Every structure is written in structure tokens, then in C-alpha cells.
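The values are calculated or read from the model by the stated rules, or taken from the named source; none is laboratory data. From a predicted model like this one, the values you see are computed outputs, not experimental measurements. Neighbour counts run over all protein chains shown; Cβ positions are idealised from the backbone, glycine included.
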Amino acid sequence: MKRTALHGEHVKLGAKLVPFGGFEMPVQYSSILKEHNAVRHRAGLFDLSHMGQFWLTGDMVADWADTLTTNAVATMKPMQARYNLFCNPAGGTHDDTIFYRLENRWLLVVNASNADKMWEHLNANRPASGVELENQHGKSALIAIQGPRSLAMLQPHVDVDLEALKYYFCIEGRVDGVPATIARTGYTGEDGFELFLSNDAAPKIWSTLLESHRGEGLEACGLGARDVLRLEAGMPLYGHELTEEITPVQAGLKWAVKTTKPEFLGKEALEGQIHGDDYSRIAGVVMGGRIPAREGYPVWHGGRLVGSIRSGSIAPSVDNKNVATALLEKAAATEATRLEIEIRGTKHEATVVPLPFYKRAK
Amino acid sequence: MAQPEDLLYSREHEWVKLDGESATIGITDYAQEQLGDIVYVELPKIGTEIEQFFNVGVIESVKAVSDLFTPMSGKVVEINETLEGDPAAVNREPYGAGWLFKLKLTDPDEAKSLLNAAAYEKTTAG
């Protein structure tokens, strides 16, 4: 099992560690609900160093990447970040990622569990010249600070104006003197920042941030809180709402599928799906009762099996309701449809609701 | 948290408080700690006869669904109904307000197969 540069910090904090994407990662430090609450109301600190970081250089990167991804790469401005997906020829999702256009290279962040697969995919499709790839997976660290207080907490540590940094843009700066790429990105539904920095510098930055701002309510947060936060915010998690079988269109990500691009892997299949508009799709579901919906539970409508649950959790930011995502036949996926979720042999009432479940006040 | 000395324990991390022919059942502090934030507890129905070490319900935390076993056999005479609205009581007070159900015991001698506090403590060490 691999460890991130912050493993020692997690152990010191008494984190509960679990295997995730080939790494031993903190699922929680104190309590998932307490950590979730910190991010919604103050700020939380996350170790995301398990995620794959690839560096892409060369004149051809943008044009080449546009042939492999659904969203546009070449139109990105300097220092912009953009969500993007790689598909297989059938339109199923190979991975969902973020591209960062830095000054002298591109940074591609992929899911930890897909990092090896993606590294092979990129190399197998690499042109003879104009694209160089460097695998930084496990060699560079990534720390996220997320929540309404994250700007105020991080600002005194950095030499750049965070207020001026736009959402989904990044800037090269220093965090407590250490060079870092500072991005205004995240996966929690809150404002926040992601710090790409060296493994060597990461533990010191982590402990300094935590110790300096614990008094203001900054909490170390694990993957458990992250999953609840992203589910409430309607963000897909690879392996759940996106898989090699589930396309971005099915997952409600049509906005990130640019069919105006001349060609890209999976384009024909995705165009056909959009045009036919008869596909099973990811929908939001709210349970009537107190039993949480879990991945794989069968979903029934009008006596017919119409799909299954993909993710589920209690949602503290949505009146503590039990919310879930489900992959449902089109007819069952419209808002206000009454569903029955089968849990341990008994059917329980649920209703289709729009995604996201939670939206922060601007 | 030290294990209360007046209780008996199962290897599946339930505790039993004996009171003659009756017993109160809950899960241990170690168990609630391992489960994390508890969000739903499904208890056996009042009046059902349940058998020692069998699966009689479910405890769900934010992350996981775990089976609940009974450490002794008997007829369910009372369940902790407050857990429906406040399942987190099991996290806060596993040996108090977070108790799960009460049994009229079929065979009080089954208690011999359970552990005392010191023996249980050893099963959770390390």
C-alpha cells in the first residue's frame, strides 16, 4: 500500500486509515459529520496527494488532448482550470479530470483509482512528437482547503491576492515561502483552494495551516466527509455516477461534452445518445424515511425495476434527509416521480428531485 | 473509555446487563468508535424470539451498513425507541442512553459463554 507525503501527519492526528486508489488514506479523523460541518461553515483541510498528477508539455498538447476529451482544451486561457472527461469509443467514461493550463506546462489531475489506466491511455495515444508526458503520481502533493473561511485562513500564508483569483483559475505563488500552484478549485460545493506543491514541503505546510487556524475552526477532513460534501453538491464520483459503462451524458454532464469539436474519442456514441434522448440517466433521489440508500439497492417504479442506487448518504446540509443518486430509465427519472427503493427485501418510498441537493449561498 | 465492570461482552462487540431473567443489550464503545457516526438503527420487533449470536438487526453509519447480533437468546420485551429520532445516542452514550433492546432470557446460563470486562478489553487491544 502506498502512502502520501502526509501519512505521518494523519497518524499523528489519529486518523482512521483505509485503502483508497492504491494509497492508505484517512477516511475520517474525528467524525465524518463534524468534518462535513467544518467545511460548510468554516473550513476543512484535505490531503488529496493520492490523486494522479501528470505534467504535459509540448506544442501539440492542447490539440492532441482535444481528440481524447469531451470538453475543450485548446480554448483554455493561461492559468485557467477546466473540468474534462476522457471516454471510451462507446462513450463510457474512462475518467473525469481537471486540466490546468500553467505557464510552461499543463497539469492534468486524474482520479487515484484511474491513474495507472490513464497513464497507459495517454501514452498509447501519444503522437510521435509535440507531446511529452511526465508522471508525477505520488511524487507531488496536493492539499485542499475548502469552506467559506478558506480564503481568510489561507491569505496570510501566501504571497498572492487570493481575492483576485477567479473560480477555476490558478496562479504560481508561495505558501509560507514554498513554491506552489494555487488553484481556486475543489470538490465540496464550497469556495476553496487547492495547493500543488512538493512532497518534501507538504507536511510542514499541512501542520502549519492546521495549527494556525484550528482555533478558528479549521478541521482536518477525510474521504468520508469529502464524499458526503460532493454528493450534496451533485458532483459525480468516478466508480459511482461515472464508469466505463456510464457516459458523461447519462451523468448529466452534457455541458462538458462539446459536440462542436471536430472529433474526439467517443463523440459518435455520445452524439447518438443525445440525439436519441432515450438513455438511463443519473437522477437525485430523496428517501421518505430514515434508512440510508446505498449503492446497488434496486429501484422500482410502477412495479417495474427501473434502475439502481449509485451513491447515498445522510445529507446534513439538506435538513438531514437521506439523499442518493440513482441511474434510472428516462421515464422514471423526471422530477417528482415516486419510486420504491428495495432495502434488505423491503420497499421504501422515495422521490426524484433535481440535482444538486445543496447549493451554497453566493 | 474503560469497559464497565458490571457488564458482560460478546466477541461481536455487544454488551449485556443482566437483571435476573432479563437483560439489556447494547454495543460497546469500541464498536461505536469503529462504526463512526451512526445514522440509523434497525432493531428486532417487540415480541420476537431471537437466538444467541444470530443477526437480529442493522446499524448504519454514514459510511457502512453493519449487522447487529444478539449476545443472548430471548424474547424482545422492549426496544429503545428514542434511537429512531436520535441514533447518535449510540455514539454518545453506548452504555447509557444508547442501549438497544431488552430481552426476557430463554437461558440465563448462556451468559457463561460471554466475556468479562478484562477479557473483552483484550479482544480489542492493538
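Points to keep in mind about this one:
- Test result for A:LEU17, within 14 Å of another protein chain (Cβ to nearest Cβ) and without any contact (Cβ under 8 Å) to a residue 12 or more places away in the chain: yes
- Test: A:THR188 is of a type in the set (S, T, N, Q) and assigned to a loop (DSSP other than H, G, I, E, B): yes
- Taking the range B:63-79 as the range and being at pLDDT below 95 and of a type in the set (A, V, I, L, M) as the test, the residues that pass are B:ALA64, B:VAL65.
- In the range A:254-278, the residues that are among the acidic types (Asp, Glu) form Cβ pairs under 7 Å with partners that are in a loop (DSSP other than H, G, I, E, B), at six or more places apart or across chains, as follows: A:GLU263/A:THR67; A:GLU271/A:THR259.
- Residues of the range A:61-106 satisfying the condition of being farther than 16 Å from A:GLU268 by Cβ, surrounded by 19 or more Cβ atoms within 10 Å (Cβ to Cβ) and hydroxyl-bearing (Ser, Thr, Tyr): A:THR97, A:TYR100
For every residue, the table says whether it meets (1) of a type in the set (A, V, I, L, M, F, W, C); (2) at the interface with chain A (Cβ under 9 Å from one of its Cβ atoms).
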residue: B:THR28; (1), (2): no, no
residue: B:GLU42; (1), (2): no, yes
residue: B:THR48; (1), (2): no, no
residue: B:GLN52; (1), (2): no, no
residue: B:ASN55; (1), (2): no, no
residue: B:VAL58; (1), (2): yes, yes
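Quick grid of which residues meet (1) surrounded by 23 or more Cβ atoms within 10 Å (Cβ to Cβ); (2) touching a helix residue (DSSP H, G or I) at 6+ places or on another chain (Cβ under 8 Å); (3) of a type in the set (Lys, Arg):
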{"site": "A:SER198", "(1), (2), (3)": "no, no, no"}
{"site": "A:ALA201", "(1), (2), (3)": "no, no, no"}
{"site": "A:LYS204", "(1), (2), (3)": "no, no, yes"}
{"site": "A:HIS213", "(1), (2), (3)": "no, yes, no"}
{"site": "A:GLY217", "(1), (2), (3)": "no, yes, no"}
{"site": "A:ARG230", "(1), (2), (3)": "no, no, yes"}
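- Taking every residue in the range B:91-108 that is within 14 Å of another protein chain (Cβ to nearest Cβ) and pairing it with any residue that is surrounded by 19 or more Cβ atoms within 10 Å (Cβ to Cβ) and not charged (D, E, K, R), at least 6 positions away or on another chain, the pairs with Cβ-Cβ distances below 6 Å are B:ASN91/B:GLN32; B:ASN91/B:ILE38.
- Yes/no for B:LYS104 being more than 26 Å from A:TYR297 (Cβ to Cβ), basic (Lys, Arg), in contact with a Gly (Cβ under 7 Å, 6 or more places away or on another chain) and part of a strand (DSSP E or B): yes
- Test: residue in the range A:326-339 that is within 14 Å of chain B (Cβ to nearest Cβ), touching a residue at least 24 places away in the same chain (Cβ under 8 Å) and of a type in the set (A, V, I, L, M, F, W, C): no
- Looking across the range A:117-130 at every residue that is more than 19 Å from A:PHE196 (Cβ to Cβ) and in contact (Cβ under 8 Å) with a residue 12 or more places away in the chain, the one that is surrounded by the fewest Cβ atoms within 10 Å (Cβ to Cβ) is identified as A:SER129.
- Count - residues of the range B:4-28 that are surrounded by 20 or more Cβ atoms within 10 Å (Cβ to Cβ) and more than 10 Å from the chain's Cα centre (by Cα): 3
- Subset of the range A:119-164 (residues that are assigned to a loop (DSSP other than H, G, I, E, B), closer than 27 Å to A:LEU45 by Cβ and touching a Leu at 6+ places or on another chain (Cβ under 9 Å)): A:GLN136, A:GLY147, A:ARG149, A:LEU162, A:GLU163
- Matching residues in the range A:32-53 - criterion: being part of a strand (DSSP E or B) and under 16 Å from the mean Cα position of the chain (by Cα): A:GLY44, A:LEU45, A:PHE46, A:ASP47, A:GLY52, A:GLN53
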